[in-house]
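Have a look at the structure below before the remarks.
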Amino acid sequence: IYVKLPKNRGWGGGLNVGMKLASGEFLLCANNDETITPGWANLLFERFESRKKIGTISIHSRAGFSGSFFAFRREVYEKIGDFDEKNFPLGHAQDCDYLYRLMHEGWDDNVLVYDGFQHYGRQTYCQTEFKNQYFTHQSFTESDFVGKWGFREGEWEARGHRDWGERIKADHSLDRFGDLNDLSWQ
């Protein structure tokens, strides 16, 4: 399905439109400035099946989660909804925001390091209209994230795991993944 939007809504806005139209158990979000060789899909689904607690997997050529190419379970999308276009109008940090929300609900993130993946970076902002907005925005980095959550963008993963641990300690019925049996998060 191809959808042409009347105006550029940024990274998250485009994904929100696509997710509403998508079907299937998993949703895949990919930037337009990357290449990936065959074989990635089987590895991705094997990883998802290895642990039901994995809510999202990023495929990258190096360790560390990247929002440029990642998949997540439809169940996650149905629980936490769309990417936040209001607080992140230009798209920057929407992936971190989404991942924090996902982890706050008790899901894990995971990275599949795949040598056949190449992300060229910053090619999405080639359109003059959007590029001008992006680079002149006063607070397109940490302050957008700090404004919403009260902490810096890079802290979302540690806080997500800690917050979930605290929630299930307070209410054991939330422990749908057996975290109380796995004390490694404490």
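On the stretch given as the range 31-65, residues that are of a type in the set (G, A, S), within 25 Å of E105 (Cβ to Cβ) and in contact (Cβ under 8 Å) with a residue 40 or more places away in the chain total 4.
Checking every residue in the range 138-156 against the condition of being outside any helix (DSSP H, G or I), open to solvent by 60 Å² or more (accessible area, probe 1.4 Å), at pLDDT below 75 and over 23 Å from S58 (Cβ atoms) gives at least one match. Taking (1) open to solvent by less than 60 Å² (accessible area, probe 1.4 Å); (2) modelled with pLDDT of 90 or more in turn, E105 satisfies each apart from (2).
Given the condition at pLDDT 80 or above, under 24 Å from K52 (Cβ atoms), open to solvent by less than 60 Å² (accessible area, probe 1.4 Å) and under 11 Å from the mean Cα position of the chain (by Cα), answer yes or no: does some residue in the range 113-121 qualify? Full working, then the answer.
If we filter the range 113-121 for residues that are at pLDDT 80 or above, which is where we start, we get 113-119.
Then drop every residue that is not under 24 Å from K52 (Cβ atoms), which leaves 113-114.
Those still in the list that are open to solvent by less than 60 Å² (accessible area, probe 1.4 Å) too: 114.
Subset that is under 11 Å from the mean Cα position of the chain (by Cα): none.
No, because not a single residue in the range 113-121 is at pLDDT 80 or above, under 24 Å from K52 (Cβ atoms), open to solvent by less than 60 Å² (accessible area, probe 1.4 Å) and under 11 Å from the mean Cα position of the chain (by Cα).
Could you tell me whether G91 is of a type outside the set (D, E), part of a loop (DSSP other than H, G, I, E, B), at pLDDT below 90 and surrounded by 16 or more Cβ atoms within 10 Å (Cβ to Cβ)? Yes.
The values are calculated or read from the model by the stated rules, or taken from the named source; none is laboratory data. All of these numbers come straight from a predicted model, not from anything done at the bench. Neighbour counts are summed over all protein chains in view; Cβ atoms, including those assigned to glycine, are modelled from backbone coordinates with ideal geometry. Please note that ligands, DNA and RNA were not included when accessible areas were found on the heavy atoms of the full protein model with its side chains. Shrake-Rupley method; radii C 1.70, N 1.55, O 1.52, S 1.80 Å.
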